[in-house]
1. In the set SER204, SER213, which member is outside any strand (DSSP E or B), at pLDDT below 95 and either crowded, with 21+ Cβ neighbours inside 10 Å or in contact with a His (Cβ under 9 Å, 6 or more places away or on another chain) (or both)?
2. Given the conditions (1) crowded, with 24+ Cβ neighbours inside 10 Å; (2) at pLDDT below 95, which single one is not true for VAL64?
3. Within the bounds of segment 140-156, is there any residue that is touching an Asp or Glu at 6+ places or on another chain (Cβ under 8 Å), modelled with pLDDT of 90 or more and of a type outside the set (Asp, Glu)?
4. Can you list the strands (runs of 3 or more DSSP E) lying wholly within segment 52-149 that have 2 or more residues being in contact with a Cys (Cβ under 9 Å, 6 or more places away or on another chain) and of a type outside the set (Gly, Ala, Ser)?
5. With a cut-off of at least 3 residues that are surrounded by fewer than 24 Cβ atoms within 10 Å (Cβ to Cβ) and in the same structural domain as ALA264 (by TED's automatic domain parsing), name the helices (runs of 4 or more DSSP H) lying wholly within segment 274-319.
6. Looking at GLY240, GLY222, GLY280, GLY252 in this structure, which one is under 20 Å from the mean Cα position of the chain (by Cα) and on the phi > 0 side of the Ramachandran plot?
7. Across segment 228-243, what is the number of residues that are in contact with a Leu (Cβ under 9 Å, 6 or more places away or on another chain) and more than 20 Å from LEU293 (Cα to Cα)?
8. Go through segment 14-32 and give me each residue that's within 26 Å of ALA55 (Cα to Cα) and β-branched (Val, Ile, Thr).
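The values are calculated or read from the model by the stated rules, or taken from the named source; none is laboratory data. This one's a predicted model, so the numbers in the text were calculated from it and none came from an experiment. Using ideal geometry, Cβ is built from the backbone for each residue, glycine included, and neighbour counts are taken over all protein chains shown.
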Amino acid sequence: MAERIARGVFRTEAPVTVESYAAVVGEKEGQGPLGSCFDEVISDSHFGEDTWEQAETRFQLEAVGLALGKARLCKDDIDIICAGDLINQCIGSAYSVRELAMPFLGLYGACSTIAEGLIIAALLADSGAALRTAAVTSSHFSTAERQFRYPLSYGGQRTPTAQWTCTASGAVILSQGKGSIRIAGGCIGKIADLDVTDINNMGSAMAPAAADSIMRYLSAAGTSPEDYNCIVTGDLGTVGSRLLLDILLKQGVDITKQHRDCGAMIFDPQQQDTHCGGSGCGCGASVLCGHFLPMLENGEAHDILFAATGALMSPMSLQQGESIPSISHLVHLRKD
C-alpha cells in the first residue's frame, strides 16, 4: 500500500510499474527536435475527421491503441482509465472512452492532467482496486485556439511570452510489476496564484506551482536535486522555466543542471515560430512517453521527477478579470 510521507506526498510500496506507453503528435511537433521519438506523426490536423474536436478524440484513441498493441493487450484488459483534455467538459476524452468502453475517471488538471492521471492510476493499482490502469490525455492547437483565444482566421498576433498549444496525445498503461519503470511516489499539487491575468503568459502563472511541488517532494523524501537524473516540468516554456529556477534558487535549491521542460524541448526556437515553446495537455504527455520513459527504459536515466503544470482558468473567468490559478502534480519515476 502507498505510504503517506507528508501532506499530499506519498511513496508506493507495491511495484506499480509502467507496462506500456505511446505518443502521437501532429505535423509541427513531428518537425521539432524530438520528432523521431514519437510513435506516430499525423500530418492531417483533422486526422480524417470533420472537426478538430473529433480529431483530438482520434489522437487519444490512437495513443491508447498503440500502447495496448505494444503490450499485446486489448481494451478489456484495462480495469480503469483516467483521461482528460482542455476542451469544455473534456469531450475529447469522453468521446474516446465512449469507443473504448473502459471504466472511466474523467479529469481536468489542464496541462498537468497526465501527471494527475498517473497518480490516480498508480494509487488504484497500488491499492488492489485494479490490476491494470491507464492514463491518457491530449490537446490540439486548433481546439484550444477556438476555445481560449481567437478564431484561427482572425490572424491575431502573439505576444513574446505566448506558447503554442501542441497537437499531441500520450498514453501510459500501469500494472503491478509487469514493467521495469516504477512509480516510486508522487506529490499532489496545491493551487498557486501570482495574480497573472494574461493568458499569453501561462508559464509565469504556473512556475510557482511547479516550485512548490518540487520543494515539497524533495523535503518529504529527504532528497536533493543531485539524487535525480532529470527534474522535468510539463510546459512552462522558456519564460516560465527561468522563473522556476529563480524561485527555487531563492529558497536555496538549485535544479539548473537537472531541469528540463517539455514545452521548451518539443519545438526548435530557431526554426519554428512558437515564441516561448509548447503547451497543452498533450505537450508533457507526448514528451514523457516519447523521450523520458524511453530514457528510463534504456537505462540512460534511473530517477526522474516529472512535474506537469496546469493553468486552471476558463474563458469565462478570464473575461471576468480573474487571475490564473495554477497547479503542478509530481510523479517520481524510477528504473529499478
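1. Selected residue: SER204, the only one of SER204, SER213 that is outside any strand (DSSP E or B), at pLDDT below 95 and either crowded, with 21+ Cβ neighbours inside 10 Å or in contact with a His (Cβ under 9 Å, 6 or more places away or on another chain) (or both).
2. (2)
3. So far as segment 140-156 goes, yes, one or more of its residues are touching an Asp or Glu at 6+ places or on another chain (Cβ under 8 Å), modelled with pLDDT of 90 or more and of a type outside the set (Asp, Glu).
4. Details: elements: 80-84, 104-106, 132-139.
Answer list for segment 52-149: 104-106, 132-139.
5. On the way: elements: 281-287, 293-297, 315-319.
Answer list for segment 274-319: 293-297, 315-319.
6. Working: GLY240 fails: on the phi > 0 side of the Ramachandran plot; GLY222 fails: under 20 Å from the mean Cα position of the chain (by Cα); GLY252 fails: under 20 Å from the mean Cα position of the chain (by Cα).
When all the criteria are applied, what remains is GLY280.
7. Residues meeting the conditions: 2.
8. Within segment 14-32, VAL24, VAL25 meet the criteria.
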